[in-house]
Amino acid sequence: MNRAELIQIPKVELHRHLECSMRLSTLKELAPQVGIQVPASDADFKKQLLVTEPMKDLEAVLKKFLSTRAVLHSEEILTRITFEVIEDAVKEGIRILELRYAPTFVNEGHPSIDFERIHRAIVKGKEMAEKKGLPIAVGFIIIIQRIFPADVGARVADFAIDHKDTVVGLDLADNEQGFEPLPFAASFKKAKKAGLHITVHSGEDNFPGSAECVRTAIESLGAERIGHGVQIYKSPELMKFVRDRRVPLELCPTSNWLTNAVPSRAAHPFRILMEAGVPVTVNSDDPGVFDIDLVNEYELLSREHRLTREEFDRCNDTAAACSFIPLEEKKKYWPRQIETRLAPWS
């Protein structure tokens, strides 16, 4: 299938980080405002600020995100970025979109903007998209950064709970190595009891024990979806564990290659996981910083892994059912019946 055909496929994106989904043109425009010199050529600009070739590991990629964070210095910019991300998603054929962000990540770089102002600005961007009549359902997920102490995570969880009218879920993200998830279990249990859904970045990085982290995320943090989870392909037992519990993986092929979670795009175990019966979905992760979009991931999977239109539709129907956005909102934009039985909480 060519790009034009792939754009036409109705899509669901469950795993897209708002902070790192900025348009290249917007980043170029805003960078000088915070003292970042913009090289004359696009190639030099991308080399300086984007991640387009594999880096040492996940931690190296995460550090690269700091340049993008520097431009998020006002409510107006956060509103603009949110609107543009939603507008771009519609052009990619996305009908259901979940955007996640870490209030601590934005606030650490810009202490004058507290959690409340950050979230208000982001919600305003969504409201702008709604007023324009963009045909897409959008939900927000709040991220706890595991690199911070558990009491910080508790504060973030409480913030998410207090804003559950505009937040659909809670996530745990950042480098898994050296940062155990268990200290955050109480916060996730509290959030789930309050009615928020749970997704957890787990089994992403390639290190001993990575796959087993997925079991912990599900059993101890109550994860209903797993962000990445790619490393479970090494363990038939864990693939069965995830399959039996119907917990979908939010797979991000290009991201996994760029972070060295997999050795190449062709070596990504997407089809291995899919054919083992693990629920899989297709996502872009950080499309702005990676200089891709979701259609790029469809091109990759079509080219390297021979996914068919039927298989893409199956992935999207799984994602539509397992999106945390309320069912009635999803129904407005999804062209097929949403099979709620596919969701692990059904």
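For the residues LYS91, LYS332, LYS132, a GNM of the chain with alpha-carbon springs under 10 Å puts the largest fluctuation on LYS132. Remark: the ASN2-ALA154 segment gains 50.1 nm on full extension, using 0.36 nm per residue and subtracting the alpha carbon distance. Between the beta carbons of PHE207 and SER74, assuming R0 = 41 Å, the FRET efficiency works out to 0.60 to the nearest 0.05.
Taking a sphere under 11 Å around the Cβ of ALA276 and counting the other residues whose Cβ falls inside, with K and R at +1 and D and E at -1, yields a net charge of +2. Note on ASP57/LEU24: beta-carbon distance plugged into 1/(1 + (r/R0)^6) with R0 of 35 Å gives a FRET efficiency of 0.90. Which lysines have a Cα lying under 22 Å from the Cα of LYS193, excluding residues fewer than 8 positions away in the same chain? LYS193 reaches LYS164. Going down the table (LYS63/LYS124; LYS63/LYS91; LYS28/LYS124; LYS11/LYS330), which pairs top 19 Å between alpha carbons? From the list (LYS63/LYS124; LYS63/LYS91; LYS28/LYS124; LYS11/LYS330), the Cα-Cα distance tops 19 Å for LYS63/LYS124; LYS63/LYS91; LYS28/LYS124. Shape class of the chain from the alpha-carbon gyration tensor: rounded, with the ratio a/c of largest to smallest axis under 1.5. Ranking GLN48, PHE115, VAL200 by how far each Cα lies toward the positive end of the dipole of the chain (charges on Cβ) leaves VAL200 at the top. Think of each Lys and Arg Cβ as +1 and each Asp and Glu Cβ as -1; about the Cα centre, that makes the dipole of the chain roughly 600 debye.
A simple spin-label model places pseudo-atoms 7 Å from Cα toward Cβ; at VAL90 and THR166 they are separated by 2.0 nm.
Straightening the chain between ASP42 and SER264 buys 77.4 nm, computed as 0.36 nm per residue apart minus the Cα-Cα spacing. Rounded to the nearest 20 debye, the dipole size of segment 239-284 about its Cα centre is 100 debye, using +1 on the Cβ of Lys and Arg and -1 on the Cβ of Asp and Glu.
Once both labels are positioned 7 Å from their Cα atoms along Cα-to-Cβ, the gap between LEU327 and GLU304 label points is 3.7 nm. With contacts taken as Cα pairs under 8 Å at a separation of at least 6 residues, the chain carries a relative contact order of 21 percent.
A short reminder: the numbers here are calculations on the coordinates, not readings from a lab. All figures in this text were calculated on a predicted structure; none of them were measured in a lab. Ideal geometry is used to build each Cβ from the backbone, glycine not excepted, and the neighbour counts take in all protein chains shown.
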